[in-house]
């Protein structure tokens, strides 16, 4: 089979290679991949690739070999999955605890955009707690996670302020429920009960200063790739007793959360934001554009003719 492997070349970060088809172990199914979605964090890992795990964590396709232990879906079932690695390939083995069955109305392209970004947003909102009637600030809102966060937080009753770079991207976030759009975190009103922060650098400290006393900032990324520095004496000027939490989405099983995301999409309550869809022969170019933040939301690559 064919798969994409890292090259170490920033201009052409992946290339095709031949590889043996995966052999599922106990508790895994074999999926024929129809679509996959790279994440911006994966593009950074490609800059200095090391031997070992291959990229690819968000896939959708068809089960062609059921799990030997009888767990999970049967052959012929359409699924979305979140394997630990190796999803940028024609076939991938995925643990049955990290799959969800797809209804006919959700395409493989839509489904591939769900796993990492959607699970991150869902678990972030659980971390933030009840949001009805609360003021929430989302930085980096035009990425895959940010779109899901904005829509789900607004649906939960939060008054969402979204930080995004352009008017066009802000317009889409308004459609998803954002009450206010700003292009610089320094221009946000506030104060906010909750800040969901993924930019890092100076943005974290600026956003932190806009919390209410006792408010919570959840830090879950560093898209600027610049370390954040916080002077805790600044908290005395307003957000006294603020809570700063580090968040990382990872932790199987992912199947229940994937099933929740599928149900929300099927019911018209969640809308994957797919800024680019292309054949996987164009993956290298898409990865560069994703790394350079030229794609809104998620990018999805297709293999063959996905359903």
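The values are calculated or read from the model by the stated rules, or taken from the named source; none is laboratory data. Bear in mind that the values here come from a model prediction, so they are computed numbers and not experimental data. Note that we place each Cβ from the backbone using ideal geometry, even for glycine, and neighbour counts take in every protein chain shown.
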Subject >> Only listed residue being surrounded by 14 or more Cβ atoms within 10 Å (Cβ to Cβ), part of a strand (DSSP E or B), touching a strand residue (DSSP E or B) at 6+ places or on another chain (Cβ under 8 Å) and in the same structural domain as residue 134 (by TED's automatic domain parsing), chosen from 195, 203 >> reply: 195
Original post:
Looking at (1) more than 20 Å from residue 151 (Cβ to Cβ); (2) more than 16 Å from the chain's Cα centre (by Cα); (3) at pLDDT below 95; (4) not in a helix (DSSP H, G or I), can you tell me which one residue 165 breaks?
Top reply: (1)
Original post:
So which residues in segment 125-144 are within 21 Å of the chain's Cα centre (by Cα) and surrounded by fewer than 24 Cβ atoms within 10 Å (Cβ to Cβ)?
Top reply: 125, 126, 127, 128, 129, 131
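Yes or no, residue by residue, for (1) outside any strand (DSSP E or B); (2) assigned by TED's automatic domain parsing to the domain that holds residue 93; (3) touching a helix residue (DSSP H, G or I) at 6+ places or on another chain (Cβ under 9 Å); (4) free of Cβ contacts under 8 Å to residues at least 60 places away in the same chain:
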position: 8; (1), (2), (3), (4): yes, yes, no, yes
position: 17; (1), (2), (3), (4): no, yes, no, yes
position: 20; (1), (2), (3), (4): yes, yes, no, yes
position: 25; (1), (2), (3), (4): yes, yes, no, no
position: 32; (1), (2), (3), (4): no, yes, no, yes
position: 38; (1), (2), (3), (4): yes, yes, yes, no
position: 44; (1), (2), (3), (4): yes, yes, yes, no
position: 51; (1), (2), (3), (4): yes, yes, no, yes
Original post:
In this structure, is residue 236 crowded, with 16+ Cβ neighbours inside 10 Å and assigned by TED's automatic domain parsing to the domain that holds residue 145?
Top reply: no
**OP:** All but one of (1) in contact with a strand residue (DSSP E or B) (Cβ under 8 Å, 6 or more places away or on another chain); (2) surrounded by 16 or more Cβ atoms within 10 Å (Cβ to Cβ) hold for residue 57, so report the exception by its number.
**Re:** (1)
Original post:
Can you spot a residue in segment 180-190 that is assigned by TED's automatic domain parsing to the domain that holds residue 150, modelled with pLDDT of 95 or more and in a loop (DSSP other than H, G, I, E, B)?
Top reply: no
Original post:
Tell me, which residue of segment 206-233 that is more than 26 Å from the chain's Cα centre (by Cα) and part of a helix (DSSP H, G or I) is surrounded by the fewest Cβ atoms within 10 Å (Cβ to Cβ)?
Top reply: 233
Subject >> Residues of segment 86-100 satisfying the condition of being over 16 Å from residue 119 (Cβ atoms) and under 19 Å from the mean Cα position of the chain (by Cα) >> reply: 86, 88
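Would you point out which residue out of 228, 252, 278, 242 is at negative phi and in the same structural domain as residue 104 (by TED's automatic domain parsing)?
Details: 228 fails: in the same structural domain as residue 104 (by TED's automatic domain parsing); 252 fails: in the same structural domain as residue 104 (by TED's automatic domain parsing); 242 fails: in the same structural domain as residue 104 (by TED's automatic domain parsing).
After applying the criteria, what remains is 278.
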**OP:** Being assigned by TED's automatic domain parsing to the domain that holds residue 108, out of contact with any helix residue (DSSP H, G or I) (no Cβ under 8 Å at 6 or more places or on another chain) and part of a helix (DSSP H, G or I) narrows it down to one of 284, 259, so name that one.
**Re:** 284
Original post:
How many of the residues making up segment 142-172 are in contact with a strand residue (DSSP E or B) (Cβ under 7 Å, 6 or more places away or on another chain) and more than 18 Å from residue 276 (Cβ to Cβ)?
Top reply: 11
Original post:
Within segment 239-263, can you find the residues that are within 16 Å of the chain's Cα centre (by Cα) and crowded, with 18+ Cβ neighbours inside 10 Å?
Top reply: 249, 254, 255, 257, 258, 261, 262
Original post:
Which one of these is in contact (Cβ under 8 Å) with a residue 24 or more places away in the chain and under 29 Å from residue 140 (Cα atoms): 80, 63, 94?
Top reply: 80
